[in-house]
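See below for the structure under consideration.
Please treat every number below as a calculation from the coordinates, not as lab data. All figures in this text were calculated on a predicted structure; none of them were measured in a lab. Reconstructed Cβ throughout: ideal geometry from the backbone, glycine too, with neighbour counts over all protein chains shown.
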Amino acid sequence: MMKRILILLIWILGPAMLFAQQDAQQSQYMFNGIYINPAYAGYKENINLHSYYRTQWTGITGSPVSMSLALDASANDGNVGLAFQLASDKLGAQSNLSGYLNYAYRIRMNADGTSRLAFGLGGGIMQLGLNGALLNPNDPEPSQPTGMQSKLVPDARLGVFFANEKLYAGLSADNLVAQYINIKSNSYLAQPKPHFYLTAGVLIPLSEDLMFKPSFLLKDDRAGPTSLDINGFLLLGEKIWVGGSYRTGVKIYNKAFLQSDLTPLNSGVLAVQIFPMENLRVGYAFDFSVGPLQGYSGGTHEISIGYYFKSSKSRMLTPRYF
């Protein structure tokens, strides 16, 4: 058990304290982009309710647990997207709560509106917390907290998102306001840092009842290693998505402050999404470590549930693909 705790502290708390506070990890973001991009709001052109629950690195004390609930819809004949999301993220003694309102203006790129370019803006509040009672260092500092520390900070996020019936692409950034609010004074709270997301994917018909959706996500916070997800999913008979992802570190520009011997190996993901009903989707993803945590963690489990209220005015080929 002590070895597991030591590995967790080195792998998570070390980079987080030295470099930046990381956003919560997800493995099913490709099925609802609102979690990483406010411009995704209204994409499905229906009232869409979605949630997920994730427990990461089971079997390791203090491992991350995160959850979120999001509701989005379109207005003004599909030209406007609106979304609301709540999120909770816990890692050891650290806990974060956040709530965002998102607005997207969606520009038609063709006559029937199936191709759109959206610009999104999100604003909200983050509650950053640290429970000092959960800290038990061998050599505590004099100012180390023994109780709960917390602070409310405003935040904003921006994004752009393009999608038609065959492909999508998006670019977004968050923590754009919170990064400028100094919360380190007289506290052990982690300073929020901006995160940038670049994602894209295509839909490739293989047969009448079989489609292939490859995609990628590039994530960077300018302080820690850049992360790349490569994803591939098959849609079987409009009833089930099955596939997986490979997550690794990549070097796209020089970060001289990083350790030179950091391994790029991270994790693999196996995932499935099924449709018990036409407008109900249930997903499960299992992450397994291929890096330093391999053999020490029971893996990561993520469950998602989505329900949309279908509208007869929807112009999309289907609300399921992206």
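With a simple spin-label model that places each label point 7 Å from the Cα along the Cα-to-Cβ direction, the separation between Ile303 and Leu49 comes to 1.7 nm.
Here each label is just a point 7 Å from Cα along the line to Cβ, and for Gln127 and Ala111 those points are 5.3 nm apart. The length gained on full extension between Met148 and Ala169, counted as 0.36 nm times the residue separation minus their Cα-Cα distance, comes to 3.5 nm. Quick check: from the Cα gyration tensor, does the range 194-235 come out rounded (a/c under 1.5), prolate or oblate? It is prolate, given that a/c is not under 1.5 and a/b is the larger ratio.
Summarising the amide proton neighbourhood of Lys193: residues at separation of 5 or more, or on other chains, whose placed amide H is nearer than 5 Å comprise Gln21. Annotation: amide H of Ser267 within the under-5 Å range of Arg247, Val290, sequence separation 5 or more or interchain, hydrogens built in the peptide plane.
In sequence order, the range 45-52 has phi-based couplings of 6, 9, 6, 10, 10, 8, 8, 8 Hz under the Karplus curve 6.51 cos²θ - 1.76 cosθ + 1.60, θ = phi - 60°, and Gly or Pro positions carry x.
Given axes a ≥ b ≥ c from the Cα gyration tensor, I'd like to know whether the range 26-139 is rounded (a/c under 1.5), prolate (a/b larger than b/c) or oblate. Prolate shape, in that a/c is at least 1.5 and a/b is the bigger ratio.
Applied to the range 233-249, the Karplus parametrisation 6.51 cos²θ - 1.76 cosθ + 1.60 on θ = phi - 60° returns per-residue 3J(HN,Hα) values of 9, 10, 9, 9, x, 6, 10, 8, 9, 9, x, x, 9, 10, 10, 8, x Hz, with x for Gly and Pro.
The label-point distance for Leu198 and Val272, in a model that sets each label 7 Å from Cα toward Cβ, rounds to 3.5 nm.
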